[in-house]
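Shown next, in structure tokens, is the structure this report addresses.
The values are calculated or read from the model by the stated rules, or taken from the named source; none is laboratory data. Quick caveat, the model's predicted, so the values are computed rather than measured. Quick reminder, even Gly has a Cβ in these numbers, built from the backbone with ideal geometry, and neighbours come from all protein chains shown. Areas reflect the complete protein model, heavy atoms only, side chains present, ligands, DNA and RNA absent. Shrake-Rupley method; radii C 1.70, N 1.55, O 1.52, S 1.80 Å.
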Amino acid sequence: MAERLSLQLAFALIALIAAVFYSGKAQFVFNKINQIIHGKRGCSPIVSIGHVTLHYFGFRGRAEGIRLMMEDFEIPYAETNFSKAEWPAVKEKGIETGLFTFGQVPAISTTTGLQLVQSKVIMHHIGRSVGLDCDCSDIHICETLVFGAEDLRAKLSPVLYSPNFSSKLRNDHIESVVYTWLSFFEKLAPVEDNSTNVNGLFFASERLTWVDYVMFDLLDTHVEFSRLSFGDDAPTVDVLANYPKLKAFYETFSSRPKIARYLKAERRVPFRLG
């Protein structure tokens with residue numbers, strides 16, 4: 001009798017799994033199971049990472065998105081900042097200890113024993129630890145956005161750090177590169193009147209994810225870039241003026257209480273060439 005009951009339960013379970021799979025709701029169910037187990041949303045949630053030490057230069061650069069996430073979620077962190085003059089010695093030591101895996105920063109170390117490099121990898125890992133991972137069904141969307149953001153950011157560095165940097169070089173880059181890429185992202189940006197985004201404007205999974213921090217940091221970097229003053233008569237540019245969806249996202253995200261506080265905080269280093 002007991003054996004027959006066990007078989008019936010096994011067949012019932014198999015039938016249930018098959019029904020879920022063929023209904024197209026399997027991913028939804030797996031996401032919910034993940035959420036129940038970890039108490040966090042997303043495709044691959046993890047435990048909290050503890051206190052973080054961020055290793056970087058004393059300016060925004062590729063570390064600013066990491067700072068934004070830690071500020072918004074009140075992750076305790078400290079910074080080890082160094083100058084460009086100090087970097088060769090710091091780099092050599094970091095490579096020796098294994099902290100700087102590729103001889104680059106930003107890097108983080110945590111009280112849980114984690115050492116991690118690559119800015120977007122760090123942001124994703126932090127996102128997983130606080131329930132900001134994308135849903136499994138949206139991973140391709142999130143990766144598209146993040147890799148696209150990285151492509152645009154990479155195009156900025158040669159201009160920003162050019163010895164011949166000027167208002168003309170800045171404006172030429174905005175006209176020839178930035179506007180083109182912003183038009184791409186405008187097509188992917190959330191719609192302001194989307195009823196599913198009742199708590200904000202989000203790029204993926206109909207909720208806040210780590211990708212929103214990547215996109216905000218990208219937009220904020222270019223907003224600041226377009227406002228740089230060179231002491232001449234060249235006008236500054238409202239780089240988001242012709243991109244209403246991106247502008248709405250930028251303004252909405254800026255108004256998140258902890259983000260808004262951080263953006264105005266004296267401890268936030270100003271945007272500069274480094």
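Over segment 84-166, the Kirkwood radius and the radius of gyration, each from Cα atoms, give a ratio Rg/Rh of 1.06. For every other residue with a beta carbon closer than 13 angstrom to the beta carbon of V117, add +1 if it is Lys or Arg and -1 if Asp or Glu, then tell me the sum. The answer is +3. Remark: accessible surface ordering of Y161, Y213 (largest first) is Y161, Y213, probe radius 1.4 Å. The residues packed around C142, meaning those with a beta-carbon under 11 Å from its beta-carbon, carry a net charge of -4 if Lys and Arg are +1 and Asp and Glu are -1.
How long are the semi-axes of the equivalent ellipsoid of segment 112-226, taking √(5λ) for every eigenvalue λ of the Cα gyration tensor, in whole Å from largest down? Semi-axes from the Cα gyration tensor: 28, 20, 11 Å. Divide the volume of the convex hull around the Cα atoms of segment 171-274 by the residue count and you get 118 Å³ per residue.
In this structure E150 has an accessible area near 50 Å², from a 1.4 Å probe over the protein heavy atoms.
Solvent exposure of segment 88-181 amounts to 49 Å² per residue of accessible area, where only protein heavy atoms count and the probe is 1.4 Å.
Once the piece of chain linking T111 and A78 is laid out straight, how much longer is it, given 0.36 nm per residue of separation minus the C-alpha distance between them?
10.7 nm
Legend: residue pairs K93/K264; K155/K247; K91/K258; K84/K168; K84/K155; K40/K247, Cα-Cα distance threshold 24 Å; pairs beyond threshold, K93/K264; K91/K258; K84/K168; K40/K247. Rg/Rh for segment 33-92 (Cα atoms only, Rh after Kirkwood) is 1.13.
Roughly how many whole Å is it from the C-alpha centroid of segment 224-263 to that of segment 60-102? Taking the Cα centre of each part, segment 224-263 and segment 60-102 sit 25 Å apart. Across segment 141-185 the C-alpha pair distances fall into 5 Å bins from zero in the proportions 5, 22, 28, 21, 14, 7, 3, 1 percent.
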